[in-house]
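The values are calculated or read from the model by the stated rules, or taken from the named source; none is laboratory data. Keep in mind it's a predicted model, so treat the numbers as computed, not measured. Cβ sites come from the backbone with ideal geometry, for glycine too, and all protein chains shown count toward neighbours. These area figures cover heavy atoms from the full protein model, side chains too; ligands, DNA and RNA do not enter into them. Shrake-Rupley method; radii C 1.70, N 1.55, O 1.52, S 1.80 Å.
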Amino acid sequence: MDKICRYTTKEGVRMAVAVTRDTVEEARVRHDLSPVATAALGRTMTGALLMAGDFKNEENVSLRIQGDGPLGVVHVDAFSNNTVRGYVDNPHVDVPLKYAGKLDVGAAVGHNGDVKVTRFTKLRQDYTSQSPIQTGEIAEDLAYYLYTSEQIPATISLGVLVDTDQTTKAAGGFLVQALPDATDEALAQVEANINELGPISKYLETHPDAEGLVERVLGGLTVEKVYEGDVRFQCTCSRERFEGVLMTLTDKDKKDLLEDETTELVCHYCNEKYHFTRDELKQLFKEASQPKS
Ligand SMILES: [Zn+2]
């Protein structure tokens with residue numbers, strides 16, 4: 001089972017760790033993602049989970065990474081209950097490997113464009129802000145966003161390891177945030193620890209549940225675990241939601257749909273398909289046109 005854990009330290013440094021292998025694998029299967037698309041979407045989903053509900057309570061996060069690469073836009077929504085959904089515009093994209101078999105996420109996403117972040121809750125209005133893409137490798141782009149748009153100094157590390165049979169071998173990441181009262185010594189210590197750690201995907205290859213990661217990154221600090229929750233891929237779509245959309249169509253669009261024996265509607269986020277027969281649509285449109293009593 002995938003997990004997210006959050007930690008605080010006496011020295012003013014906070015950390016969140018997410019293990020997302022099953023979640024990323026579900027996204028891969030649902031969208032039939034190519035390896036580089038799995039890596040790009042998997043990193044973004046992991047990053048969104050780390051950013052959701054962290055700095056302010058009960059907050060959901062939508063990420064739109066809109067680069068000029070062949071992948072198109074990466075769309076991810078992460079909710080404060082640790083569920084996440086997402087898709088990319090072009091799921092079958094393939095780009096040449098970088099080196100030593102390393103997937104070139106930056107080339108797929110593109111090196112120019114915007115990271116758009118929307119934070120929202122049930123009660124409060126959306127808050128959207130954006131920053132330019134730095135490398136297209138996702139982690140640096142999200143860290144740059146946090147620093148420039150939300151004034152949060154943070155280090156983000158995201159890794160997705162795709163196996164030779166294209167399944168997801170390991171996935172996860174962490175976010176380290178310096179609070180205003182963080183001591184210089186603590187920050188220097190954590191920075192040294194992170195440099196020593198090396199790439200997160202390498203670490204996850206030998207530690208797929210991220211075991212020992214917190215001790216490595218926050219080594220030398222007084223750590224307290226403050227939260228643990230299960231993570232999973234889950235969409236908010238339903239047949240009822242699509243019925244609602246169908247009922248708002250114009251009369252002409254409704255008539256067009258009734259030409260067909262069955263109508264298929266597909267949810268972008270999870271690729272779930274909903275089928276409506278002509279009779280079902282007729283019934284639905286009849287209900288919609290009836291005056292409310
Ligand atoms: Zn859906």
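Table for the structure above
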| item | result |
| --- | --- |
| Counted charge near V115, where neighbours are those whose Cβ lies closer than 14 Å (Asp, Glu -1; Lys, Arg +1) | -2 |
| Sequence ranges 151-159, 265-273, 167-175, 41-49, ranked by mean other-Cβ count within 10 angstrom, highest first | 41-49, 167-175, 151-159, 265-273 |
| Whole-number accessible area per residue in Å² for the chain, which is evaluated in the context of all protein chains at 1.4 Å | 50 |
| Of the DSSP H helices in the chain, those whose Cα atoms cover at least 18 Å axially and whose Kyte score averages 0.0 or more | 35-51 |
| Dipole of the chain, positive direction: furthest Cα of H207, L49, G219, with charges on the beta-carbon | L49 |
| Kirkwood Rh in Å, taken over all unlike Cα pairs in region 218-284 | 15.2 |
| Segment K98-F120, extension gain: residue separation times 0.36 nm, minus the distance between their alpha carbons | 4.3 nm |
| E272 long-range amide H proximity, modeled H, under 5 Å | C267 |
| Portion, in percent, of the accessible area of region 239-289 that falls on carbon or sulfur, probe 1.4 Å | 49 |
| Charge-dipole axis of region 1-151 as Lys and Arg at +1 and Asp and Glu at -1 on Cβ define it, positive-most pick from S34, H75, A143 | A143 |
| Which of T277, T262, M247, positive extreme of dipole for region 239-289 (C-beta unit charges) | M247 |
| Length-normalised contact order for region 239-289 - Cα pairs under 8 Å, 6+ apart - percent | 34 |
| Those chymotrypsin sites (Phe, Trp or Tyr not before Pro) in region 66-126 that DSSP places in a loop and that have at most 13 other beta carbons within 10 Å | Y99 |
| Derived scalar couplings ³J(HN,Hα) [region 104-112; Karplus, 6.51 cos²θ - 1.76 cosθ + 1.60; whole Hz; x for Gly, Pro] | 9, 5, x, 5, 5, 6, x, 9, 10 |
| Between region 1-39 and region 71-127, the alpha-carbon center distance in angstrom | 13 |
| The chain: C-alpha pair distances exceeding 25 Å, % | 51 |
| Entries of K10/K169; K122/K254; K3/K102; K252/K282 with Cα pairs more than 23 Å apart | K10/K169; K122/K254; K3/K102 |
| Region 1-130, accessible surface, carbon-and-sulfur percent (1.4 angstrom probe) | 48 |
| Where K122, K102 fall by accessible area, highest first, once all protein chains stay in place (1.4 Å) | K122, K102 |
| Sites A188 and H275 - FRET efficiency at Förster radius 51 Å, r taken between beta-carbons, to 0.05 | 0.30 |
| Alpha carbon centroid spacing (whole Å) that separates region 132-151 from region 227-293 | 36 |
